[in-house]
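The values are calculated or read from the model by the stated rules, or taken from the named source; none is laboratory data. The structure presented is a predicted model; accordingly, all values stated were derived computationally and were not measured. Positions of Cβ are backbone-derived with ideal geometry, glycine not excepted, and every protein chain shown enters the neighbour counts.
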Ligand code: GLN
């Protein structure tokens with residue numbers, strides 16, 4: 001009954017692409033049995049999680065919210081979901097997302113947009129974006145349909161939707177979570193992470209998801225600390241950096257007030273506040289929107305109508321025709337835009353001017369952060385430059401959409417752990433998120449500073 005009630009809520013929000021009650025019930029039964037037998041219970045025994053439909057799940061359709069993967073049922077389990085299920089979790093279903101995780105509003109999904117469970121005070125029932133690309137994850141957790149959900153974050157796709165829906169979400173250091181079996185967007189940036197109600201739940205989930213995996217060449221061979229056990233909101237002796245370049249022109253007063261409130265909470269928790277400079281911040285967005293599409297265009301080359309999902313084979317078509325027809329039919333407009341940008345910046349005549357230049361700037365952005373760590377332990381910034389926007393408000397203007405990622409992409413380019421936690425409500429009653437960015441592999445520092453905000 002509880003499941004059916006949740007299903008009705010989930011349908012209203014369009015949060016799920018596929019529901020998998022059998023999986024969640026089997027995990028709950030296994031947990032009951034283990035408890036009755038006095039056997040060891042996993043950290044997530046019986047917990048029904050939502051799984052972003054970018055993670056391959058053995059025997060369950062995996063779509064990346066794209067027509068291109070229509071009918072694709074993986075014969076293997078992603079490392080992240082295998083680890084979660086190994087810790088006892090079950091799967092409620094596969095959650096909606098922006099197509100191939102490209103977007104900031106969940107509006108690029110081939111399965112329709114997700115609706116945020118939140119509404120503005122002043123505008124009747126105008127539906128709001130849940131953020132993206134992990135918009136099904138944020139909506140399902142915010143609406144209390146799932147206690148936790150997986151997300152992936154390439155340039156903010158865990159943190160921005162968490163901020164828009166008043167939940168918590170952490171992207172770990174690049175290399176913490178294996179990318180094996182997760183549909184690739186931009187491989188040098190993609191990281192899985194946890195989305196949940198609070199910092200503690202995120203810590204528990206992330207611990208279960210993390211760890212070395214020989215099947216991912218960028219997986220890092222480091223043991224996973226017990227983050228939950230070491231949670232502490234006492235920041236005495238810690239330095240919190242405030243990057244002055246994040247005070248962008250035209251920052252809304254609500255966001256500035258949120259940031260000041262966050263600074264006050266950090267001081268209350270015993271931290272010292274220091275101003276730091278990340279001088280290349282203004283280049284992060286253009287750098288990201290060169291590198292991410294470049295890698296995406298390469299990763300998406302595998303969808304040729306032969307190996308996965310959709311095949312469009314017109315009468316009398318040859319192989320070239322089949323490639324063209326399949327890719328024309330399968331990819332959505334935003335994915336095609338990324339492929340065009342990506343192949344352009346990688347083309348022989350423009351490679352040095354765009355792609356090589358972007359890689360150099362990426363190194364400078366990473367160096368800015370490395371220098372900041374000489375002065376502070378974590379950084380505090382807003383997660384996004386606005387509260388949730390209305391569905392349709394930015395979908396006709398890709399640049400306006402990309403600008404929403406201004407505070408999340410720099411740490412992605414540098415591979416750093418970063419978390420969004422709820423920081424309060426704006427005058428319209430909508431949630432705003434504060435972001436904590438940490439040193440490489442200092443997820444503990446990120447979680448603890450986030451706990452001080454919560
Ligand atoms: N909004 C960003 C983009 O569209 C980030 C997406 C993500 O992190 N997957 O690329």
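Worth a mention:
- Test: residue in the range 357-366 that is surrounded by fewer than 19 Cβ atoms within 10 Å (Cβ to Cβ) and closer than 25 Å to residue 194 by Cα: yes
- Counting only residues that are more than 16 Å from the ligand (Cβ to nearest atom) and in contact with a helix residue (DSSP H, G or I) (Cβ under 8 Å, 6 or more places away or on another chain), the range 275-305 holds 12 of them.
- Exactly one residue out of 391, 399, 434, 413 is touching a residue at least 12 places away in the same chain (Cβ under 8 Å) and surrounded by fewer than 24 Cβ atoms within 10 Å (Cβ to Cβ), and it is 391.
- Against the numbered list (1) in contact with a helix residue (DSSP H, G or I) (Cβ under 9 Å, 6 or more places away or on another chain); (2) within 19 Å of residue 17 (Cβ to Cβ); (3) more than 13 Å from the ligand (Cβ to nearest atom), residue 167 comes up short only at (2).
- Here the condition is being under 15 Å from residue 380 (Cα atoms), part of a loop (DSSP other than H, G, I, E, B) and modelled with pLDDT of 95 or more; of 237, 241, 270, it holds for 270 alone.
- If the condition is being touching a helix residue (DSSP H, G or I) at 6+ places or on another chain (Cβ under 9 Å), surrounded by 15 or more Cβ atoms within 10 Å (Cβ to Cβ), free of Cβ contacts under 8 Å to residues at least 60 places away in the same chain and farther than 23 Å from residue 152 by Cβ, then the range 4-57 contributes 7, 45, 46.
- A single member of 399, 364 is at pLDDT below 95 and in a helix (DSSP H, G or I), and it is 399.
- Yes/no for residue 110 being surrounded by fewer than 24 Cβ atoms within 10 Å (Cβ to Cβ) and within 16 Å of the ligand (Cβ to nearest atom): yes
- Breaking point among (1) in contact with a helix residue (DSSP H, G or I) (Cβ under 8 Å, 6 or more places away or on another chain); (2) in contact (Cβ under 8 Å) with a residue 12 or more places away in the chain, for residue 351: (2)
- Scan of the range 63-72 for residues that are on the phi < 0 side of the Ramachandran plot and in contact with a strand residue (DSSP E or B) (Cβ under 7 Å, 6 or more places away or on another chain), ordered by number: 63
- Some residue of the range 421-443 being within 16 Å of the ligand (Cβ to nearest atom) and more than 18 Å from residue 255 (Cβ to Cβ): no
Residues checked against (1) within 13 Å of the chain's Cα centre (by Cα); (2) assigned to a helix (DSSP H, G or I); (3) at pLDDT 95 or above:
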| position | (1), (2), (3) |
| --- | --- |
| 133 | yes, no, yes |
| 137 | yes, yes, yes |
| 163 | yes, yes, yes |
| 170 | yes, no, yes |
| 174 | yes, no, yes |
| 189 | yes, no, yes |
| 195 | yes, no, yes |
| 207 | no, yes, yes |
| 223 | no, no, yes |
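- A residue that is more than 16 Å from the ligand (Cβ to nearest atom) and either touching a strand residue (DSSP E or B) at 6+ places or on another chain (Cβ under 8 Å) or more than 27 Å from residue 221 (Cβ to Cβ) (or both) occurs nowhere in the range 401-416.
- Only one of the numbered conditions (1) under 18 Å from the mean Cα position of the chain (by Cα); (2) more than 16 Å from the ligand (Cβ to nearest atom); (3) outside any helix (DSSP H, G or I) is not met by residue 81, and that is (3).
- The set of residues from the range 144-173 being closer than 16 Å to residue 443 by Cβ and surrounded by fewer than 24 Cβ atoms within 10 Å (Cβ to Cβ) comprises just one member, 173.
- Test result for residue 116, more than 11 Å from the ligand (Cβ to nearest atom), farther than 24 Å from residue 232 by Cα, in contact with a strand residue (DSSP E or B) (Cβ under 8 Å, 6 or more places away or on another chain) and in a loop (DSSP other than H, G, I, E, B): yes
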